[in-house]
Amino acid sequence: MRAIWKGAVSFGLVSIAVKLYSATEEKDIRFHQVHRQDGGRIRYKRTCSVDGEEVTYDDIAKGYDIGGGEMVILTDDDFADLPLSTSRAIDVLEFVPADQVDPIMYNKAYFMEPEGAATKPYILLRDALADADRVAIVKVALRQREQLATLRVREGVLMLNTMLWPDEIRKPDFTFLDENIEVRPPELAMAGSLIDSMAGDFDPDDFKDNYREALQEVIDAKVEGREVVQPEEVEEAPAAAVDLMAALKASVERARAARGEEGGEPTPISSARSAKKAEPAKKAPAKKAAPAKKTAAKKAEPAKKAAAKKTTAKKTASRKSA
């Protein structure tokens, strides 16, 4: 890994020199836009919408649209006067319980490595955070922007999680929140039973990106020159409408069956499925084949007549030549 930032964690009179490394990476398969006929890369030019001329990076500034077709142009001098911290310090503001930080506020994650002689104070801060079961709320200047972040411990390493500012998180505004929808206690109890039947410990290794793996197989097949076969998708029949309690009971039974558990009363869904499996297969009526034979016979009659005419014509020609 390559360090993306160097600085120091500062709290009280303690300063810990650290390096930051990106803790995550996207595994999405990326494509280039190319010409379909020859595979040539598609290039885009930076042109001005007013005079149509191509513009170099040196002549590009930042513009803020204020509406009505008006634009405010900001130069490097305007940004130089902003109160952006240029120090390489991660300032600890306070230590808070970890459960008080809503996960929706987390943005990006970085590993933190001690640098030089900072290993001992680094370990001291790590162990103190772990014992206190708290995270440190900090401010740091990354990528030309001051950001709120947390310091926490993960697998023996201090991690910096940048955070969104409170005004960057949207408020949910949906009409159903104002509706008076009543949930009956039996429905709530059945939903709780479903949750209990599907309860488990989260292991991220149990999950994988099926789409990305399938896409990679398609790419590998094209590279190797093999024929790519697209499997046909079987359309599922639309499920019959059932009430909420029946659906919850069926879900509980399915979860129990998957775990090899027995028990449970038959539900409308399971009863219907059992009845469907028990029904004998109906034979198709044999009379449907008759019209096909009649049609074939009718089609054959003109062919026979044409053949008979050809035979008669040949015999007549033979007699005349004789």
Practice prompt. Restrict the search to segment 1-38; then list the trypsin sites (Lys or Arg not before Pro) that DSSP places in a loop and that have at most 16 other Cβ atoms within 10 Å of their Cβ.
Written response: 2, 27, 30, 36
Worksheet, complete the sentence: Taking every other residue with Cβ under 12 Å from the Cβ of residue 215 and scoring Lys and Arg +1, Asp and Glu -1, one gets -1
Response to the item:
The percentage of the accessible area of segment 142-228 (probe 1.4 Å, all protein chains present) made up of carbon and sulfur atoms, to the nearest whole number, is 52 percent
Worksheet entry | Solvent exposure ordering (accessible area, 1.4 Å, most first) of 56, 162, 175 | 175, 56, 162
Worksheet, complete the sentence: When every protein chain stays in place and a 1.4 Å probe is rolled, 64, 21 sorted by accessible area with the largest first are 64, 21
Worksheet entry | Residue-by-residue Karplus 3J(HN,Hα) for segment 4-14, coefficients 6.51, -1.76, 1.60, Hz, glycine and proline x | 9, 7, 10, x, 8, 7, 10, 9, x, 9, 9
Item to complete: Could you tell me which GluC sites (Glu not before Pro) in segment 102-157 are loop residues by DSSP with no more than 14 other beta carbons within 10 angstrom of their beta carbon?
Response: 155
Discussion item. Testing the spin-label approximation: label points 7 Å from Cα along Cα→Cβ at residue 35 and residue 54. State their distance in nm.
Written reply: 1.6 nm
Practice prompt. Go through 256, 88 and list them by solvent-accessible area, largest first, probe radius 1.4 Å.
Written response: 88, 256
Item to complete: List the trypsin sites (Lys or Arg not before Pro) within segment 106-211 that fall in a DSSP loop (any state other than H, G, I, E or B) and whose Cβ has at most 14 other Cβ atoms within 10 Å.
Response: 143, 170, 208
Fill in: Spin-label model distance (nm) - residue 106 vs residue 62, 7 Å beyond Cα toward Cβ
2.9 nm
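The values are calculated or read from the model by the stated rules, or taken from the named source; none is laboratory data. On a predicted model such as this, the values are computed, not experimentally measured, just so you know. All Cβ positions, even for glycine, are placed from backbone atoms using ideal geometry, and neighbour counts span all protein chains on display. Note: accessible area is taken over every heavy atom of the protein model, side chains too, but ligands, DNA and RNA are not part of it. Shrake-Rupley method; radii C 1.70, N 1.55, O 1.52, S 1.80 Å.
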